[in-house]
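Working notes for the structure below.
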């Protein structure tokens, strides 16, 4: 077998072909996982850019962001600060507490109250976080919602999805304005239906629950994870190439050793011929055993059965 045919057999062997298929599959999985992590990084980067643009900006009028109460809050307007003048609804059945909200690792409630502006628009406002009481069924000593006219600054957030669960009295599972507006009997035509506000300041100031923390703008490890997955994707083909190359080198070494063994006697004869040009060349043949040797071996076998 020639060297070229031996290499071809190695490259087309079942082991090599199966190894190639496994490597391609693993590389494809790593590429997909890397793209997934990269998309998560892009989402966090875009969200952080929106926060950095709007969170510390000067407040604007609500209608500059939402043309009508039924307008949808765009992703680019998330966290936009708006200023409204009006009054909270302070009736006992107006104030709700949104369940299962965490702050610093503790579980509690958001205090939620409708704020009715001078323009006749009603916006649901989260005034802050309240710890849960014993039994985790009700907020612990929440401050009262202040009465009278106030100037509030809130950050707009997109409405949360409605949850199809039984709603405990005086509480809510999510900040979904249509669902809460129906519960409170609010006029749908004046209720902001696709957004709510997170309280930043209110004047005159009043006792309030613990303010919600600023939004997290960290990008997380998603970009580094993406790069790691792509490195893994390149590693598997490189490992296969290295393995096949090593096998070819080992195959070449074996063929070279065999060739060296075949050429050694001929090279020795060539050396002898050059040093003794008149000596006849040695013939390499196997001597046949004589009859006397065979008879001696037979006698030995008879003596030692």
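The values are calculated or read from the model by the stated rules, or taken from the named source; none is laboratory data. Note that the structure is a prediction, hence the values are computed from the model and not measured. Cβ placement follows ideal geometry from the backbone for every residue including glycine, while neighbour counts extend to all protein chains displayed.
Filtered by the rule that a residue be surrounded by 16 or more Cβ atoms within 10 Å (Cβ to Cβ) and in contact with a helix residue (DSSP H, G or I) (Cβ under 7 Å, 6 or more places away or on another chain), the range 200-218 gives a lone residue, 215.
Picking from 87, 76, which residue would you name as being loosely packed, with under 13 Cβ neighbours inside 10 Å, assigned by TED's automatic domain parsing to the domain that holds residue 197 and not in a loop (DSSP other than H, G, I, E, B)? It is 76. Restricting the range 181-196 to residues that are in a loop (DSSP other than H, G, I, E, B) and without any contact (Cβ under 8 Å) to a residue 24 or more places away in the chain leaves a set whose member that is surrounded by the most Cβ atoms within 10 Å (Cβ to Cβ) is 188.
Across the range 41-61, which residue is farthest from residue 83 (Cα to Cα) among those that are in contact (Cβ under 8 Å) with a residue 40 or more places away in the chain and in contact with a helix residue (DSSP H, G or I) (Cβ under 7 Å, 6 or more places away or on another chain)? Among them, the one singled out is 41.
Of the residues 158, 114, the single one that is surrounded by fewer than 18 Cβ atoms within 10 Å (Cβ to Cβ), touching a helix residue (DSSP H, G or I) at 6+ places or on another chain (Cβ under 9 Å) and at pLDDT 95 or above is 158. Annotation note: of 125, 121, 145, the sole residue that is crowded, with 19+ Cβ neighbours inside 10 Å, under 38 Å from the mean Cα position of the chain (by Cα) and within 22 Å of residue 87 (Cβ to Cβ) is 125. Residues considered: 131, 114, 168, 178. Of these, the only one that is part of a loop (DSSP other than H, G, I, E, B) and either in contact (Cβ under 8 Å) with a residue 12 or more places away in the chain or on the phi > 0 side of the Ramachandran plot (or both) is 168.
Inspection of the range 197-212 finds no residue satisfying the criterion of being in a helix (DSSP H, G or I), in contact (Cβ under 8 Å) with a residue 24 or more places away in the chain and over 30 Å from residue 137 (Cβ atoms).
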